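The values are calculated or read from the model by the stated rules, or taken from the named source; none is laboratory data. On a predicted model such as this, the values are computed, not experimentally measured, just so you know. Cβ placement follows ideal geometry from the backbone for every residue including glycine, while neighbour counts extend to all protein chains displayed.
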Amino acid sequence: MSDAAPAPSIAVLGAGAWGTALANLYARDGRTVTLVARDGAAAARIREAQANERYLPGIRLSPDLAVSGELAGAATAAGILLLVVPAQALRAALRGARGASLAPGVLAVVCSKGIERETGRFASDIVAEELPDARVAVLSGPSFADDVARGLPTAVTVAAGTEPLADEAARWLSAEGFRCYASADIRGVEAGGALKNVLALAAGIVSGRGLGASALAAIVTRGFVELRRLGQALGGRPETLMGLSGLGDLVLTCSGPQSRNFAYGAALGRGDDLSGLKLAEGVYSAGIAARLAREAGIEAPIVETVAAILDNRLTVDEAARALLARPLKRETD
Ligand SMILES: NC(=O)c1ccc[n+]([C@@H]2O[C@H](COP(=O)([O-])OP(=O)(O)OC[C@H]3O[C@@H](n4cnc5c(N)ncnc54)[C@H](O)[C@@H]3O)[C@@H](O)[C@H]2O)c1
Ligand SMILES: O=P(O)(O)OC[C@H](O)CO
């Protein structure tokens with residue numbers, strides 16, 4: 001596709017915080033965008049309020065943003081389909097999309113961050129299985145929906161299976177204040193995005209339990225060792241895991257309660273009631289990430305510990321004692 005080709009129109013599947021923020025970003029940037037909510041009633045609420053008060057409160061949406069309750073129609077015309085439903089709902093959402101007559105060669109861009117619990121599949125694999133005619137890309141990196149919605153500067157990585165497709169996708173997905181770096185390492189980008197959520201839970205637990213700033217720095221640093229090891233074992237490249245969708249997103253989500261994963265971990269660490277908390281993808285990815293690590297023969301004690309706390313196999317205090325009591329080793333082993 002040449003630089004002069006008109007920018008493809010965009011359909012955004014999933015009208016939560018991130019889907020709404022991305023749809024609004026591109027609509028403000030002059031693109032033709034339809035945000036697809038779960039049903040007609042949810043779409044009507046967003047249209048009438050010109051805001052998504054449930055998931056992205058306080059943000060006035062562009063009057064140019066179309067909002068629909070069904071993918072058919074919106075998607076048929078779209079050259080780009082952003083997939084922004086939670087990772088565990090992606091397969092069902094794509095099966096629901098099959099009847100929508102997607103444009104041939106549509107660029108399906110995974111924007112969620114997680115691993116399918118039942119199968120251990122990453123989202124790009126699910127797209128390849130469920131929408132075999134689509135071209136696949138992944139958008140991931142340090143990016144809070146609220147920051148993007150407020151027009152704050154953001155940089156992310158956009159990965160696809162080949163460098164030309166990644167370059168094309170990054171060009172189409174960049175917008176004012178939203179800079180996309182291209183990568184041909186889909187697995188590295190997806191692994192970084194999913195694993196940082198699990199590690200942000202660990203950081204939140206440390207903070208909520210009041211274990212101190214030194215312990216927080218230690219858990220983030222040793223967590224990054226696990227992210228790199230496991231990300232590489234799953235097929236990611238080291239330089240990708242050092243980039244925006246690995247280290248970058250880990251830094252963002254481990255830095256405080258604006259991250260829902262960190263906030264969930266902090267509530268766990270304090271012993272608070274967890275009902276009513278916002279979506280924390282790490283809760284669903286921790287167990288399967290621990291299993292993938294075991295299967296790959298990778299030591300991932302922090303990921304294992306988060307999974308054990310979530311399963312009520314360990315209390316936070318038992319977990320902290322167990323991590324500190326592990327046999328001593330060289331830092332680089
Ligand atoms: N919020 C952020 O800052 C942010 C940033 C980057 C990536 N993400 C990732 O984006 C994904 C979505 O997160 P979010 O913040 O938008 O979540 P959210 O909880 O705000 O919204 C989830 C949305 O998905 C919809 N949904 C759920 N199941 C569905 C289904 N089967 N079909 C259609 N719609 C369905 C819900 O109705 C809701 O609108 C997650 O994987 C998250 O990790 C979020
Ligand atoms: O709020 P979180 O923890 O889901 O993080 C949101 C984004 O993934 C940050 O890049």
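For the stretch 217-327, which fully contained helices (runs of 4 or more DSSP H) count at least 3 residues that are modelled with pLDDT under 95 and more than 21 Å from the chain's Cα centre (by Cα)?
Helices (runs of 4 or more DSSP H) meeting the threshold: 316-324.
In this structure, does R98 turn out to be out of contact with any strand residue (DSSP E or B) (no Cβ under 9 Å at 6 or more places or on another chain) and outside the structural domain of G287 (by TED's automatic domain parsing)?
For R98, the condition - out of contact with any strand residue (DSSP E or B) (no Cβ under 9 Å at 6 or more places or on another chain) and outside the structural domain of G287 (by TED's automatic domain parsing) - is met.
Looking at L252 and the list (1) under 15 Å from V306 (Cα atoms); (2) aliphatic (A, V, I, L, M); (3) near ligand 2 (Cβ under 9 Å from one of its atoms), which single condition is not satisfied?
L252 satisfies all of (1) under 15 Å from V306 (Cα atoms); (2) aliphatic (A, V, I, L, M); (3) near ligand 2 (Cβ under 9 Å from one of its atoms) except (1).
Can you tell which of G287, G248, G276, G235 is in contact (Cβ under 8 Å) with a residue 12 or more places away in the chain and within 16 Å of ligand 1 (Cβ to nearest atom)?
Testing whether each residue is in contact (Cβ under 8 Å) with a residue 12 or more places away in the chain and within 16 Å of ligand 1 (Cβ to nearest atom) leaves just G248.
Condition first: assigned by TED's automatic domain parsing to the domain that holds R171, in contact (Cβ under 8 Å) with a residue 12 or more places away in the chain and in contact with a Gly (Cβ under 7 Å, 6 or more places away or on another chain). Can you find one or more residues in the stretch 29-38 that meet it?
Yes; the residues of the stretch 29-38 include at least one that is assigned by TED's automatic domain parsing to the domain that holds R171, in contact (Cβ under 8 Å) with a residue 12 or more places away in the chain and in contact with a Gly (Cβ under 7 Å, 6 or more places away or on another chain).
For the stretch 61-97, name all the residues that are over 23 Å from the mean Cα position of the chain (by Cα) and in a helix (DSSP H, G or I).
A72, G73, A74, T76, A77
Could you list all residues from the stretch 126-143 that are within 15 Å of ligand 1 (Cβ to nearest atom) and more than 18 Å from L250 (Cα to Cα)?
Within the stretch 126-143, I126, V127, E130, L131, A137 meet the criteria.
Working only within the stretch 120-164, note down all residues that are away from ligand 2 (no atom under 16 Å from the Cβ) and in contact with a Ser or Thr (Cβ under 7 Å, 6 or more places away or on another chain).
Answer for the stretch 120-164, where residues must be away from ligand 2 (no atom under 16 Å from the Cβ) and in contact with a Ser or Thr (Cβ under 7 Å, 6 or more places away or on another chain): just V136.
Can you name the number of the only condition in (1) within 16 Å of ligand 2 (Cβ to nearest atom); (2) without any contact (Cβ under 8 Å) to a residue 40 or more places away in the chain; (3) farther than 21 Å from S140 by Cα that I59 fails?
Unmet condition: (2).
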